[in-house]
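The values are calculated or read from the model by the stated rules, or taken from the named source; none is laboratory data. Being a predicted model, the structure only gives us computed values, none of them experimental. Cβ coordinates were reconstructed from backbone atoms using ideal geometry, including for glycine residues, and neighbour counts include every protein chain displayed.
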């Protein structure tokens, strides 16, 4: 699921809209809307996001937030590291290989490194390995 798909599904659920009804209102197939919610389609177009906002009556800040999420919701990202430090290429390749196995806590720590808007908790909380289970936990 993409950030846009997650938000769209949450809004639809909160408003108790059936997928088929919302799809009809947006003039798309239920399969398309479901694929968009689950991240099986490419990044949503600005036109599609605008139609969603019109259909749901979303304006101003919430509409801007939805568009920002759409801009960050391409499920198949290409990272161009040509001309960068070899460590950038290594990091991009390792991330591509390992992201599916990362749990929510690991993703939060990664986001804290690359997203200035990430929750402060993820930035300030240090973790140490748990010797018994080989997992990480808050440092005490």
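Points to keep in mind about this one:
- The one condition from (1) on the phi < 0 side of the Ramachandran plot; (2) at pLDDT 95 or above that residue 57 does not meet is (1).
- Number of the exception - residue 63 against (1) under 27 Å from residue 78 (Cα atoms); (2) in contact (Cβ under 8 Å) with a residue 24 or more places away in the chain: (2)
- For region 46-86, residues that are under 20 Å from the mean Cα position of the chain (by Cα) and part of a helix (DSSP H, G or I) total 18.
- The listed residue being closer than 16 Å to residue 1 by Cα and either at pLDDT below 95 or assigned by TED's automatic domain parsing to the domain that holds residue 9 (or both), out of 51, 76, 47: 76
- Test result for residue 105, exposed (fewer than 10 other Cβ atoms within 10 Å of the Cβ) and modelled with pLDDT of 95 or more: no
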